[in-house]
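All remarks here apply to the structure that follows.
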Amino acid sequence: MNKKIFAANWKMYLNSNESREFMLKVNANKDLFSEFDIMIFPSHTAISIVQDLAKEFDNIKIGMQDCDVLTSGAVTGSNSITSHKVDSCIVGHSERRTIFNENDELIKKKLNNCLDKIGSAILCVGETLDEKEEKKTFEVIKKQLSILPDQIRGKNLDIAYEPVWAIGTGLVASKQYIEDVLSYINNLIKELYSVEDRPNIRLFYGGSVDENSVEELSSIALLDGFLIGSASADFEKFKNMLNKMR
Ligand code: PGA
């Protein structure tokens with residue numbers, strides 16, 4: 001079983017002080033946290049704190065949870081992909097799609113900005129419960145992936161399959177279900193990109209991943225990593241997940 005990437009989406013769970021405390025514990029468990037490829041997406045205000053406390057770790061990358069559609073200008077309260085020096089940025093998360101009414105057109109612009117400016121992004125896709133019950137999963141994912149750029153040479157693009165009904169609900173999608181969707185996504189990628197460019201794309205799963213599900217899901221061959229919300233913002237839970245995968 002190959003080792004999976006752990007991408008921690010801290011959402012609005014940890015303030016700057018709590019982020020610092022979390023990273024101090026990571027440093028106190030250096031052996032464990034050095035064994036895995038880890039990405040951490042803190043609140044914007046905690047990015048530099050987390051970066052500073054991760055500097056001893058070559059394997060820990062830091063990203064933004066979202067960015068503005070513009071790269072600079074008069075946008076009060078916003079952050080552009082160039083506001084912080086980061087390794088990646090999440091775009092199209094379902095919370096942005098629903099709470100902030102972001103559509104595919106806007107997400108496409110954000111994605112292109114990330115790929116142009118920092119050469120990296122995580123694009124989230126996934127169906128709602130209604131869409132799942134109406135058997136529209138593939139249709140929804142195909143539409144959400146229709147914004148992918150023609151060229152990804154020299155870029156890193158992570159596609160996170162995150163069924164909306166699994167996010168923050170405790171309902172993890174079954175292994176078989178994830179395998180089916182990832183193989184659908186993989187086939188779309190094969191149609192879009194050349195053999196040389198395909199390794200630039202990694203596939204993640206997100207939705208209620210925790211220490212109880214991580215082991216079983218890790219056996220999914222097409223899966224490169226996990227995008228984890230609440231269990232990644234709780235130090236003991238994060239540690240337990242890594243310990244399970246050692
Ligand atoms: P969850 O969130 O692990 O809390 O379900 C995942 C995500 O939203 O990326």
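Looking only at residues in the range 197-211 that are touching a Lys or Arg at 6+ places or on another chain (Cβ under 9 Å) and over 16 Å from residue 183 (Cα atoms), which one is nearest to the ligand (Cβ to nearest atom)?
210
Tell me, which residue of the range 127-142 that is surrounded by 13 or more Cβ atoms within 10 Å (Cβ to Cβ) and part of a loop (DSSP other than H, G, I, E, B) is nearest to the chain's Cα centre (by Cα)? Step through it out loud before you land on a result.
Applying the first criterion (surrounded by 13 or more Cβ atoms within 10 Å (Cβ to Cβ)) to the range 127-142 yields 127-129, 131-132, 136-138, 140-142.
Checking the rest, the ones that are also part of a loop (DSSP other than H, G, I, E, B) come to 127-128, 136.
Numbers: 127: 16, 128: 18, 136: 23 Å.
The extreme case among them is 127.
What pairs come out if I take residues in the range 1-21 that are within 22 Å of residue 123 (Cα to Cα) and open to solvent by less than 30 Å² (accessible area, probe 1.4 Å) and pair them with residues that are near the ligand (Cβ under 10 Å from one of its atoms) and in a loop (DSSP other than H, G, I, E, B) whose C-beta lies under 6 Å away, six or more apart or interchain?
These pairs meet every condition: 9/229; 10/233.
In the set 90, 40, which member is in contact with an Asp or Glu (Cβ under 7 Å, 6 or more places away or on another chain), closer than 28 Å to residue 210 by Cβ, open to solvent by less than 50 Å² (accessible area, probe 1.4 Å) and within 16 Å of the ligand (Cβ to nearest atom)? Spell out how you get there, then give the answer.
On the way: 40 fails: in contact with an Asp or Glu (Cβ under 7 Å, 6 or more places away or on another chain).
Being in contact with an Asp or Glu (Cβ under 7 Å, 6 or more places away or on another chain), closer than 28 Å to residue 210 by Cβ, open to solvent by less than 50 Å² (accessible area, probe 1.4 Å) and within 16 Å of the ligand (Cβ to nearest atom) holds for just one of 90, 40, which is 90.
Please go through the range 93-126 and give me each residue that is more than 13 Å from the ligand (Cβ to nearest atom), surrounded by fewer than 23 Cβ atoms within 10 Å (Cβ to Cβ) and basic (Lys, Arg), ordered by number.
Selection gives 108, 109, 117.
Answer yes or no as to whether residue 61 is in contact (Cβ under 8 Å) with a residue 40 or more places away in the chain and outside any loop (DSSP other than H, G, I, E, B). Before the answer, list the steps.
Values: in contact (Cβ under 8 Å) with a residue 40 or more places away in the chain: no; outside any loop (DSSP other than H, G, I, E, B): yes.
So residue 61 does not fit the description; no.
The values are calculated or read from the model by the stated rules, or taken from the named source; none is laboratory data. Remember, predicted model here, so these are calculated numbers, not experimental data. Positions of Cβ are generated from backbone atoms using ideal geometry, with glycine treated the same way; all protein chains shown enter the neighbour counts. What goes into the accessible areas is simple: the full protein's heavy atoms, side chains included, and nothing from ligands, DNA or RNA. Shrake-Rupley method; radii C 1.70, N 1.55, O 1.52, S 1.80 Å.
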